[in-house]
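> Pasting a structure below so you can have a look.
The values are calculated or read from the model by the stated rules, or taken from the named source; none is laboratory data. Model, not experiment: these values are computed from the prediction. Cβ coordinates were reconstructed from backbone atoms using ideal geometry, including for glycine residues, and neighbour counts include every protein chain displayed. These accessible areas exclude ligands, DNA and RNA; they are computed on the full protein's heavy atoms, side chains included. Shrake-Rupley method; radii C 1.70, N 1.55, O 1.52, S 1.80 Å.
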Number of protein chains: 2
Amino acid sequence: MFTIGKASEQSGVNVETIRYYEREGIVPKPGRSAGGRRLYSNDEIAKLRFVRRCRDLGFPIAIIQTFLSLTDQNDRSCGEVKTMAENHLDEINAKIENLMRLREALLSLSKNCDDGTAACPMLDALMKDGFGLGAP
Amino acid sequence: MFTIGKASEQSGVNVETIRYYEREGIVPKPGRSAGGRRLYSNDEIAKLRFVRRCRDLGFPIAIIQTFLSLTDQNDRSCGEVKTMAENHLDEINAKIENLMRLREALLSLSKNCDDGTAACPMLDALMKDGFGLGAP
DNA sequence: CTTGCTCCTGTAGTGGCTACAGGAAGTAGA
DNA sequence: TCTACTTCCTGTAGCCACTACAGGAGCAAG
């Protein structure tokens, strides 16, 4: 059994974040030592690591909770998981496209921007009436 | 002069958001009618529009405030603007790269995921010890 | 005058943490 | 055993950029 500091090291989840996950019911409450300190088993640490990896993949907490309940039930809901992963992929793709459009807009705006100009053409363009951004 | 609803329509900034911007000192307080309602001039609406466009480009509020103070001073700090825009571009590029790495990771994880499987290989992989994500 | 719309203020909630403050428990060395 | 140091505890508040109420007031059309 490990104290929260060790659990944090092993899972890669910040100590404060672990306590936050517990408060929010995202991971189950661990046991406590005689002195009132949290004690984590390997399984509980694995769960924390799982949450961190899902977060790293950009999954929101709500989805991760579904994942956790599926693994708890040893459910055969691989299809369900796949659907959620695919939806998430769609969101990631949408974000990438958005950012790329944004990059183009910003590039073309800042292109005319040169040191020493009296009025910044970028700020000018953004202030003007007839200006429209691609599809933000 | 326009009430907040019209100002919202013309600037594309949500009514609640306009009030929020005012509270936070991001845009100056407008005048008021006899009955206490906010009244916006065309210039003030242009400022709101400017903020929205900058937000659409992903600039954080703090940067936009700098932009606004530069346009207020009619400053010739185009170089400054360009630097900030370039920093922002770097951030956008970093985000895009991150998302693309993430997409690859998610794709390779969910690839083995097929309907009807007893234990989902994706969740399995995320739960296991030896697994490492690219560079999240 | 009534209906219905817009507007007002103030407060609280969102997501996913992060950062304290003020104290208790545990550990290592003298 | 005493002391110094570290880790842990709870509880609360802050971050960003909004968004969503509640409960009331102003205003225009019919």
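> Take the range B:1-38 and flag every residue that is open to solvent by 50 Å² or more (accessible area, probe 1.4 Å) and touching a Phe, Trp or Tyr at 6+ places or on another chain (Cβ under 8 Å).
B:M1, B:F2, B:T3, B:K6, B:Q10, listed by residue number.
> Also, quick follow-up: For the range A:1-60, give me the residue count where each residue is polar (S, T, N, Q) and under 30 Å from B:R101 (Cα atoms).
Taking the range A:1-60 and keeping what is polar (S, T, N, Q), we get A:3, A:8, A:10-11, A:14, A:17, A:33, A:41-42.
Those still in the list that are under 30 Å from B:R101 (Cα atoms) too: A:8, A:10-11, A:14, A:17, A:42.
Within the range A:1-60, residues that are polar (S, T, N, Q) and under 30 Å from B:R101 (Cα atoms) number 6.
> In the list A:L99, A:L48, which residue meets the criterion of being on the phi < 0 side of the Ramachandran plot, open to solvent by less than 70 Å² (accessible area, probe 1.4 Å) and modelled with pLDDT of 95 or more?
Sole residue among the options that is on the phi < 0 side of the Ramachandran plot, open to solvent by less than 70 Å² (accessible area, probe 1.4 Å) and modelled with pLDDT of 95 or more: A:L48.
> List the helices (runs of 4 or more DSSP H) inside the range B:1-101, counting only whole elements, that have at least 3 residues being within 30 Å of A:G58 (Cα to Cα) and not acidic (D, E). Give the derivation first.
Working: elements: B:4-11, B:15-23, B:42-56, B:61-73.
Filter on the range B:1-101 gives B:15-23, B:42-56, B:61-73.
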